[in-house]
Every structure is written in structure tokens, then in C-alpha cells.
Amino acid sequence: MKKIRFGKKGAAAALALALTIPAVTPTFASSGDAKIDSVRFIGMNAPKNIEDMVKTYTNASMEVKYSNGEVKNFPLTYKRLFKSEDKVAINKGKLIPAGTPIDVKGNPIMDTSVEGKPTYYVSDAPDSNSLLKPINGQLYMVTHYEYQTIDAAGKSAYGIVPASMSLTTLDQNRKTGELTPKEVKKIDFSSVNGLWIPCNGSLSPWNTHLGSEEYEPDARTFESDSTSSVRAQVESFAKLYFGKAEKANPYFYGFIPEISVNKDGNASVEKHYSIGRFSHELMKMMPDNRTAFFGDDGSYTTMFMYVADKAKDLSAGTLYAAKFHQTGTENGGAGNLEWIKLGHASDKEIKDIIDSGVKFSDIFETSDVPKAGFKAIKQYSYGKTEYLKVKPGMEKAAAFLESRRYAALLGATSEFNKMEGVTLNEKDKKVYIAISDQSNGMTANSSDPVDDMKLPKIKSGVTYQLDLTAGQKDSNGQTINSEYVASKMSGLIAGEDSPAADAYGNTANVNKVANTDNLSFSESLRTLFIGEDSGMHTNNFVWAYNVDTKELTRILSVPAGAEATGLAAVDNRRGHSYIMSNFQHPGDELGGKNITAVDKAELQAAMEKEIGIDRTGGVGYISGMPKLGDLQDND
């Protein structure tokens with residue numbers, strides 16, 4: 001979900017990759033009076049020529065067997081809605097590119113990096129899509145634009161340009177299900193000081209969009225080092241967004257924004273400060289409408305759980321962090337999870353602390369060396385061992401503004417690496433969570449302050465499953481007020497690193513998932529969909545994994561160097577089903593790959609001609625599935 005990374009088979013093989021789904025609910029879709037007995041995806045091969053390597057496409061299909069013996073094959077296709085560079089967003093009566101951010105006054109933010117040639121900033125990194133349930137009879141989609149890779153002068157613009165989201169009004173062909181953009185608008189974040197690096201997101205059970213703010217700026221470095229990249233990023237953001245660098249404040253960012261769409265099609269934004277501040281990849285709600293789990297992206301990060309006071313209300317709640325007790329290394333690894341309570345707060349309480357002008361030095365005492373009363377920790381935003389002590393009375397500020405640091409001080413595990421997508425299998429009471437790159441803190445490191453995790457190094461990553469249970473107690477012996485507490489974590493799908501690159505530049509097995517990132521689960525299909533963020537695969541893929549048969553199928557390929565983002569399995573919108581899927585930063589990092597199967601220079605030239613390298617991204621969906629809506633409530 002982000003630019004920063006660490007780091008040949010024929011038809012018979014495609015059939016071998018097919019996944020089969022056992023008999024499903026009788027009220028599923030039908031062929032006449034017959035009901036569906038089974039469904040399977042027929043997979044596709046990895047692209048082999050330049051023409052296929054530069055496009056977003058699928059030639060996979062879905063095969064459906066009915067109770068009367070009839071078998072139908074439904075070819076899948078990819079439908080692009082728009083590119084981030086397309087001038088389709090209406091803003092103050094003028095069309096601007098969909099991926100152009102707007103400032104606090106609602107004006108497009110301009111790129112002046114080439115003297116005398118101001119142009120719109122255009123994000124090449126569309127990410128999360130939420131296809132909302134119909135509101136007043138209308139379909140809407142919220143889309144993230146995560147960051148800007150380069151500016152017009154060709155220099156890195158990552159983290160220095162305010163981010164944005166759009167709200168798209170969609171027309172739907174009620175017969176075929178085809179979606180068409182009717183109107184695209186930019187979402188106004190002026191009430192919450194703008195939007196910082198929105199990675200993935202999710203649709204809440206109450207039909208709001210839960211966004212994210214990833215890679216929270218380190219408040220310690222911001223305060224102590226005026227020449228740091230952190231200070232430069234936050235001040236650049238403030239200058240472009242507010243018009244003045246003096247408004248820069250790292251504690252404005254690193255939270256969950258919730259976007260609500262009202263009956264007249266206007267969006268409103270609320271940031272939830274009581275959920276904690278860390279590198280929010282994604283927030284996924286559980287069926288109780290109170291409990292949530294998160295990805296905390298980066299190196300040396302923490303697994304968090306939030307339990308809201310009231311259902312469908314994220315304005316106040318209790319934040320927990322996990323301590324990992326390792327039990328094995330099979331299939332990536334396994335462990336039991338112990339939950340440490342960090343504290344309880346309301347959004348208003350934490351916002352008041354931020355608005356008071358609190359700084360890192362107001363919350364913590366620090367030491368450069370081991371010292372009595374100080375605890376050694378290591379966590380993502382600072383990146384090295386630090387010695388900290390919470391100042392008296394600042395526990396709540398520490399828990400909700402420096403959640404990862406405070407969690408580590410209380411004994412939670414801060415060794416997770418590239419912890420990204422999260423999704424829910426409601427029937428089986430399991431959460432799936434992506435570890436895109438299992439290395440760094442997740443392996444044995446005797447020099448670290450704590451070494452809870454000693455898992456095998458798998459650079460191509462592991463998708464894990466969490467077992468959810470009721471009646472769990474926290475580390476103090478207090479019962480956690482949730483029936484959806486993760487008690488165990490175990491590897492489900494492990495990548496396979498290669499000792500050397502193949503002819504296409506792949507350094508991980510091309511027929512297995514590499515660097516799992518976006519995750520979305522279809523209850524109807526009993527299928528976990530996985531989108532890759534991989535530098536180990538030259539072309540990234542979307543996969544379908546059936547949790548009953550354990551079969552894995554490739555169903556989409558995105559352009560070389562691009563990341564597969566915006567993944568969302570939508571079981572039913574007015575009877576039609578979709579797999580939302582975007583791509584971002586096409587062509588990125590191709591120059592460093594050892595590609596001999598095709599002419600690399602020709603590939604790069606084709607990428608530049610057809611899409612543009614690091615210039616735009618695509619927003620769209622996989623279509624062609626049979627009507628599956630009868631299985632779900634008619635939303």
C-alpha cells in the first residue's frame with residue numbers, strides 16, 4: 001500500500017490452481033429453479049510478454065455448477081473507472097484530476113517545482129475503495145489517494161504533499177451490474193487539519209468509510225531536530241495545506257478518519273483520536289460494531305485492538321496492545337496473544353490535549369543511555385533504541401498520542417514488521433492479517449531491548465489468521481468487554497523467497513503470493529482475496545484463496561512495477577457482486593530489476609507510453625461474476 005518497501009505454466013497448470021467451493025446456502029444465485037452446488041475460480045498465468053506486462057487485466061473465470069447438473073463458466077474482466085490523472089473531479093465548478101489534493105480552502109494544490117510551469121499535483125497512488133451500500137437509492141464510492149511519488153521536476157514528493165480522498169457517485173446498469181462514474185468530488189478535510197498518507201481502509205457495518213493515516217510523523221524527531229526529514233515533511237505539508245509552515249504539528253496526524261455520506265450525497269469527516277495514534281494501515285470492525293483490529297505498518301510495530309463504549313460509535317473506547325507469546329514456526333509462525341490495556345479515552349479528551357499544544361517533551365523524559373527509572377524500547381517511528389519514562393499525569397497523552405511507545409513501555413510486543421491489511425471471516429470468527437515482509441524485528445535479534453519474536457525470515461511475507469474468542473482477560477486479569485478478542489495467531493499462507501531472480505526479475509515464487517498486503521474476505525464465496533505490494537514480483541497480482549479447500553488462484557495482474565491496491569470484495573450491491581481493485585505507481589523501480597525474458601528498455605518505454613511511470617494510477621473493479629446477491633441481504 002505504499003511505495004516504501006524493504007527491499008510457466010499452461011492451461012493444465014491454470015486448472016491446477018483452480019479453487020473449489022463446497023455446496024453453499026440454497027438461497028444463493030440460481031439457473032432457473034436450480035441452486036448453486038459449487039463455485040470455483042479458474043486461474044490465469046503470469047504475464048509473459050510486454051503487451052500483458054504493461055496492462056491491468058484478467059483472463060481468469062468463475063465456474064458455477066448447479067444442482068440440476070448444469071455447469072456455466074463466467075469469464076472475468078477488469079473495468080477501469082478512471083485514472084488518477086483524469087480530469088473528472090468537479091471542484092469549485094472546474095474539472096481537476098481525480099488524484100489532485102485540495103487545501104484548507106478547497107483549492108487545488110499546485111506543483112511549482114518547474115519554474116514558470118505550475119501544474120496540478122496528481123497522486124499516482126490510488127488505494128482504498130469503499131463501495132457503500134445505497135444511500136437514498138444512490139451508490140457511492142470513497143477512494144484514497146495515498147501519496148505523490150514524484151513532482152513535475154522528477155524529484156521525490158513522498159510525504160511532503162497533503163493527501164486526499166474522493167467521493168464518486170456511480171450509475172449502475174441494473175441488468176449487467178456495470179458501474180459508471182457519474183460525478184467525482186474531493187472530500188473536504190479542513191475540519192480535521194487535512195489528511196496524512198491514507199493507506200488502506202474499510203467499510204464499517206453501519207455504512208461509513210473508515211480511512212487511515214499511515215507512517216505517523218515522529219514527534220520526538222520533529223521537536224528535537226529542525227533539519228530532519230520529519231520536520232521537512234510536516235512543514236511542507238503545512239505550507240501546502242494551510243499556507244503557513246508554522247501550523248505544522250505531528251500530533252495532527254496518525255489517526256482514523258471516518259467519512260459519512262448523507263442523503264443528499266455530501267460527505268463529512270471525523271477523526272477518531274480515541275482509537276490511538278500509530279501507523280494506521282487499516283481498521284477492521286468486528287460484528288459487534290464495537291471491536292476493531294488494525295495493521296500498524298512499518299518496522300518494529302505493534303498489534304492493537306480497540307473496543308468502543310457503544311456500538312456504531314467510535315467517539316470513545318478502550319485501547320489495547322498485544323504481547324506475542326511464540327508457540328511455533330510452522331507455516332510462518334504461531335503464538336498466543338496477551339492483551340495489555342493502554343487506557344480509555346474519548347475523542348474530545350485527546351483532541352483537547354492536541355489543541356493545548358502538547359509536545360513530545362511534555363509527555364516523556366528521555367535518556368541517551370540506560371538509566372534507573374527509564375525503560376529501553378525500540379519502535380518504528382524513531383527506529384532505534386530509546387530510553388523513556390512517562391512524566392507524571394501524562395499517561396493518557398502517552399497512550400493515545402504515542403500509542404506504540406506507551407505499549408512497549410507496558411510490555412507489549414513492538415517487533416511486528418510490515419503489518420498491513422486486515423479482514424474478517426465472520427462465520428468462522430477469524431481475522432486475517434497481512435505481514436508483507438517477515439523479517440527485521442520478527443526474527444531473532446538478541447541485541448534488541450525485547451525479543452519476543454523469533455520467527456523464520458520470509459521476505460515474501462505471510463498471511464496470518466487470528467482466532468477470536470469471548471471471555472478473554474487482559475494482562476491485569478480484567479475481563480475484556482468483547483466477544484471478539486484475538487487469542488491466537490498462526491500462519492495461513494506463506495510466500496516463497498527465491499535464491500535468485502528468474503528471467504522476469506521475480507525474486508519470489510511467481511505461483512505463490514509475494515508480499516501480501518490488501519486483504520478482503522467474501523462470506524458468500526468463502527474466499528480470501530489478497531492483493532500484493534511486492535518488489536519481489538515484477539507484476540503484482542490479486543489472488544483468491546478458498547479457506548475450505550486451501551486452493552490459491554491468481555485472478556488479476558497489474559502493470560509492471562505497480563502495486564495492487566483498493567481491494568474490496570463486495571458480495572452484493574443491488575444483486576450484483578464486485579471485486580474492487582486499483583493499481584498505483586506503475587513502472588516503479590523497474591530500472592533496478594534484472595529482466596532478460598523481455599527487453600527491459602522496451603518494457604520501460606511501453607510503460608511510459610501506455611500509462612506513464614510513477615505518473616498516474618488506476619481505479620476499477622473485477623466484473624463478470626454471476627449474480628450472487630440472493631445469498632446476502634438485498635443491499
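The values are calculated or read from the model by the stated rules, or taken from the named source; none is laboratory data. As the structure is a computational prediction, the values presented were derived from the model and not from experiment. Here the Cβ positions follow ideal geometry from the backbone for every residue, glycine too, while neighbour counts run over all protein chains shown. When the accessible area is computed, the model is the full protein with side chains, heavy atoms only, and any ligands, DNA or RNA have been set aside. Shrake-Rupley method; radii C 1.70, N 1.55, O 1.52, S 1.80 Å.
In segment 299-340, which residues are more than 25 Å from the chain's Cα centre (by Cα) and closer than 19 Å to residue 450 by Cα? Listed by number, the residues that qualify are 325, 326, 327, 328, 329. Taking the numbered list (1) of a type outside the set (Val, Ile, Thr); (2) open to solvent by less than 40 Å² (accessible area, probe 1.4 Å); (3) under 30 Å from residue 484 (Cα atoms) in turn, residue 222 passes all entries but (3). Annotation: residue 595 fulfils all but one of (1) touching a Lys or Arg at 6+ places or on another chain (Cβ under 9 Å); (2) open to solvent by less than 20 Å² (accessible area, probe 1.4 Å); the unmet one is (1). Report yes if residue 292 is within 27 Å of residue 164 (Cα to Cα), assigned to a helix (DSSP H, G or I) and of a type in the set (A, V, I, L, M), otherwise no. No: the conditions fail for residue 292.
You will find that of 95, 17, the residue that is at pLDDT 95 or above and either under 28 Å from the mean Cα position of the chain (by Cα) or within 30 Å of residue 162 (Cα to Cα) (or both) is 95 and no other. Does residue 518 satisfy being closer than 26 Å to residue 328 by Cβ and among the polar types (S, T, N, Q)? For residue 518, the condition - closer than 26 Å to residue 328 by Cβ and among the polar types (S, T, N, Q) - is not met.
Anything in segment 185-242 that is of a type in the set (Gly, Ala, Ser), under 17 Å from residue 145 (Cα atoms) and part of a loop (DSSP other than H, G, I, E, B)? List them, or say none. Correct list: 194, 201, 211, 212. For residues in segment 330-345 being open to solvent by 30 Å² or more (accessible area, probe 1.4 Å) and not acidic (Asp, Glu), which is modelled with the lowest pLDDT? Filtering segment 330-345 for residues that are open to solvent by 30 Å² or more (accessible area, probe 1.4 Å) and not acidic (Asp, Glu), the one modelled with the lowest pLDDT comes out as 331.
Applying the set (1) more than 20 Å from the chain's Cα centre (by Cα); (2) within 30 Å of residue 572 (Cβ to Cβ) to residue 221 leaves exactly one unmet item: (2). Among the residues of segment 417-445, those that are open to solvent by 10 Å² or more (accessible area, probe 1.4 Å) and of a type in the set (A, V, I, L, M, F, W, C) comprise 424, 444.
With respect to the stated conditions, residue 257 fails to be open to solvent by 40 Å² or more (accessible area, probe 1.4 Å) and closer than 30 Å to residue 483 by Cβ. Candidates are the residues of segment 58-90 that are surrounded by fewer than 17 Cβ atoms within 10 Å (Cβ to Cβ) and of a type in the set (Ser, Thr, Tyr); the one that is nearest to residue 540 (Cα to Cα) is 77. Within segment 562-585, the set of residues being open to solvent by less than 10 Å² (accessible area, probe 1.4 Å) and at positive phi comprises 566, 585. Among 284, 263, 271, which is of a type in the set (Lys, Arg), within 30 Å of residue 365 (Cα to Cα) and either open to solvent by 20 Å² or more (accessible area, probe 1.4 Å) or not in a loop (DSSP other than H, G, I, E, B) (or both)? Within the list 284, 263, 271, the selection yields 271. For segment 550-560, filtered to residues that are open to solvent by 10 Å² or more (accessible area, probe 1.4 Å) and within 22 Å of residue 59 (Cβ to Cβ), the residue that is modelled with the highest pLDDT is 552. Against the list (1) farther than 22 Å from residue 285 by Cα; (2) at pLDDT 95 or above, the condition residue 174 fails is (2). Across segment 353-398, what is the total count of residues that are in a strand (DSSP E or B) and either of a type outside the set (D, E, K, R) or open to solvent by 60 Å² or more (accessible area, probe 1.4 Å) (or both)? Residues that pass the stated criteria total 11.
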